[in-house]
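*Asks:* Pasting a structure here, questions to come.
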Amino acid sequence: MAQQRRPSLNFEVLTLFPSLFHGPVNESILGRAQKAGILSIKIHSLRRWSEDRKHFKVDDRPFGGGAGMVIQPEPVYKAVKALGGLRISRGKPWVIYLSPQGKVLNQNKVRDLAKKKSIILICGHYEGVDERVMSLADEEISIGDYVLTGGEIPAMVLMDAVARLVPGVVGDPESVVQESFSKNLLDYPHYTRPALWRGLKVPRILLSGDHDKIRKWRESEARKRTKKRRPDLLKEGSHE
């Protein structure tokens, strides 16, 4: 009997709304990677660790007044502990709290996270979690300077971005290397058939068959596009 492969990366997600993840994590690249045993994605309802065994409530009104509800610390603590996030060892899962107050996710951080073996994602909701829970997190991550309803969509974004860099997840590894942000540059423009579409032609050099000239053209176009759309990336790259 063939031995089942051990996933290269394991995601454990803590959320109040597990059903939000059903489509995004089970389709396309993430779905195929899980079926192949390269990735493991497990979605856990935080209510499972509620101290309220009747209604499974995990939130309460904030001390000091104010709008909204705050997720209580004890359910989060119990969940992180159950998933191994409180272990004191090199093999413990990396714990991330998704929040608009965190450090903004970028490709450098994605590359770092892709080297982890196990990641626990805590999805806040309502007004977030009790501040004391932050002592459990290794870091706090945001996907942008705006506010969403909860941490579920940011968790999906993070998993998708990180998973793509795990060896074997993307069919053609070269496509990952050449993508936007891989070298502080945006991606070059892409074209496919037909060569003439509604009066618009594919650049002639892409039809030439000269791979060296095509490579140089793509590098030039990537730099032009970056200079026009995201000149800040060129400045960042100059300091590396």
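*Asks:* Does residue 119 qualify as being within 19 Å of residue 13 (Cβ to Cβ) and either assigned to a strand (DSSP E or B) or not assigned by TED's automatic domain parsing to the domain that holds residue 34 (or both)?
*Replies:* Answer is yes for this residue.
*Asks:* For the stretch 69-102, give me each residue that is exposed (fewer than 15 other Cβ atoms within 10 Å of the Cβ) and either at pLDDT below 95 or not assigned by TED's automatic domain parsing to the domain that holds residue 155 (or both).
*Replies:* Within the stretch 69-102, 86, 87, 88, 89, 90, 91, 101 qualify.
*Asks:* Here's something else I'd like to know. Across the stretch 29-68, which residue is surrounded by the fewest Cβ atoms within 10 Å (Cβ to Cβ) among those that are more than 18 Å from residue 8 (Cβ to Cβ) and of a type in the set (Ser, Thr, Tyr)?
*Replies:* Residue satisfying both the conditions and the ranking: 45.
*Asks:* Condition test on residue 153, is it in contact with a helix residue (DSSP H, G or I) (Cβ under 7 Å, 6 or more places away or on another chain) and either modelled with pLDDT of 95 or more or in a helix (DSSP H, G or I) (or both)?
*Replies:* The answer is no for residue 153.
*Asks:* Mind listing whichever residues of the stretch 91-116 are in a loop (DSSP other than H, G, I, E, B) and in contact (Cβ under 8 Å) with a residue 60 or more places away in the chain?
*Replies:* Scanning the stretch 91-116 gives 93, 106, 114, 116.
*Asks:* Please identify the pairs in which a residue from the stretch 133-146 that is outside the structural domain of residue 83 (by TED's automatic domain parsing) and surrounded by fewer than 16 Cβ atoms within 10 Å (Cβ to Cβ) has its Cβ atom under 7 Å from the Cβ atom of a residue that is hydroxyl-bearing (Ser, Thr, Tyr) and not in a strand (DSSP E or B), counting only partners at least 6 apart or on another chain.
*Replies:* none
*Asks:* Answer yes if at least one residue in the stretch 108-123 is exposed (fewer than 15 other Cβ atoms within 10 Å of the Cβ) and modelled with pLDDT under 95, and no otherwise.
*Replies:* yes
*Asks:* When you go through (1) within 18 Å of residue 154 (Cβ to Cβ); (2) in contact with a Leu (Cβ under 7 Å, 6 or more places away or on another chain); (3) hydroxyl-bearing (Ser, Thr, Tyr) one by one for residue 77, which number turns out not to apply?
*Replies:* It is condition (1) that residue 77 fails.
The values are calculated or read from the model by the stated rules, or taken from the named source; none is laboratory data. This is a predicted model, so every value here is computed, not measured. All Cβ positions, even for glycine, are placed from backbone atoms using ideal geometry, and neighbour counts span all protein chains on display.
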